[in-house]
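J.: Input: one structure, supplied below.
Here, each number is a calculation from the coordinates, and none is a lab measurement. Please read these numbers as outputs of a predicted model, since none were measured by experiment. Every residue, glycine among them, receives a Cβ derived from its backbone with ideal geometry; neighbour counts consider all protein chains shown.
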Amino acid sequence: MKLHALRATQPNTVTGYGPGYIEINGARHSGNLLLLPDSVQRWNAAGFDLLRPEDFDPLLSLKPEVVLLGTGLRQRLAPPGLTASMARAGIALEAMDTKAACRTYNIMVSDGRHVAGALFQEETPS
């Protein structure tokens, strides 16, 4: 699914997504991602059920105002301890399915907000 056209001067945006990929600025990425307006990196979190505060360490020094946690194909609630850990660092954590996280990220980054996406890949159909 395509979301919108890309202009060369804008920050990183999600331009498409589907089972097994997230497209950033027209380039497809597989696997879990950490997405910021100026960088995209592989996220080595072991999985949603195994999330630890340390999985968010790469984002802490960047001090986003909010991290959008894309939980995969379906929405899941972030563990309370994780939400509390992020709040102590002054960062809001919002959990939603990955498609909603991608759309919300695009809206927030277009508004000039300092946002990050921690995105679990949707499962590839069997």
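J.: Which of the three applies to the stretch 47-109, rounded, prolate or oblate, going by the alpha-carbon gyration tensor with a ≥ b ≥ c and a/c under 1.5 meaning rounded?
T.: Oblate shape, in that a/c is at least 1.5 and b/c is the bigger or equal ratio.
J.: Mind putting a number on the dipole of the chain about its Cα centre? Charges go on the C-beta only, +1 for Lys and Arg and -1 for Asp and Glu, and I need it in Debye to the nearest 20.
T.: 220 debye
J.: Same structure, new question: Whole Å is fine, so just give me how far the alpha carbon centre of the stretch 96-111 lies from that of the stretch 49-69.
T.: One Cα centre to the other: 16 Å.
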